[in-house]
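The values are calculated or read from the model by the stated rules, or taken from the named source; none is laboratory data. Everything numeric here is computed off the predicted structure, so don't read it as measured data. Using ideal geometry, Cβ is built from the backbone for each residue, glycine included, and neighbour counts are taken over all protein chains shown. Accessible surface is based on the protein model in full, side chains and every heavy atom, while ligands, DNA and RNA are left aside. Shrake-Rupley method; radii C 1.70, N 1.55, O 1.52, S 1.80 Å.
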Amino acid sequence: MEKKEIEALVREVLRTVEQKAEFPAPGGSAAGRRENPAALAGTGSFPGILAEGSGGMVQTTMPLSLAVELIQRVEARAAEWGMRVVAAVSDASGRPVAVHAMDGAYMGSFDLALNKAYTAIAFQMPTARLGTLSLPGEGLYGIQQTNQGRIVILGGGELLLWGGVIIGALGVSGGTAKQDTELAAYGRSICEEVVKCL
């Protein structure tokens, strides 16, 4: 096959995949095509979303629409509990997708929320669990000194799953370790419900 034939074949495959992944954005507009994970979730597992990038199609595990909706629900629960938090959602590679700081949240909570999401992804476990494993005398003692100081062993970082597959992580900071842990666990528990509502 010549290079031109291969390129034409690749373009046709991408066009076919793109057509299968198209759907209206929340609210009915076509502007958010391929950003709704529910549209591709018919198989029971979260396959990732194709989004238009400047260099071609890009596959993502955490669409912005899902990250923002999840954060808004976490913020609503935080307000009910009288908390002012920073909430961060990352994709499965640990790259931040969205960060919100509620009015009055601690300035220091911003980095903590980002790093809690990163830590949950980096070690594939809740940060509260990592905190237990890193106590003096435990096997991971001192782990918070690694990764250029990005590892957080305080509660408030949780993995986000779809059908048992890690699609991202949530980091919450602004309350006590117990409050942050409970709020992040709430976010984790509603992730699949939020996907279905988009």
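Structural remarks
- Taking only protein heavy atoms and a 1.4 Å probe, the accessible area of the stretch 91-151 is 53% carbon and sulfur.
- Relative packing of peptides 143-149, 69-75, 130-136 - highest average C-beta neighbours within 10 Å first: 69-75, 130-136, 143-149
- The radius of gyration of the Cα set in the stretch 125-169, together with its Dmax, comes out at 11.8, 35 angstrom.
- For the Cα trace of the stretch 106-151, dividing Rg by the Kirkwood Rh returns an Rg/Rh value of 0.98.
- Shown in residue order for the stretch 180-195 are the 3J(HN,Hα) couplings computed by the Karplus curve 6.51 cos²θ - 1.76 cosθ + 1.60 at θ = phi - 60°: 4, 4, 5, 5, 5, 5, 4, x, 4, 5, 9, 4, 5, 5, 5, 4 Hz (x for Gly and Pro).
- Contact order normalised by residue count of the stretch 109-197, Cα under 8 Å, 6+ apart, percent: 31
- Rg ratio for the stretch 65-198: its Cα radius of gyration over 2.2 N^0.38 Å, N being its residue count, equals 0.96.
- If you take the Cα centroid of the stretch 71-101 and the Cα centroid of the stretch 123-198, the two points sit 12 Å apart.
- Accessible area of the stretch 52-198 divided out per residue, in Å², using a probe of 1.4 angstrom: 47
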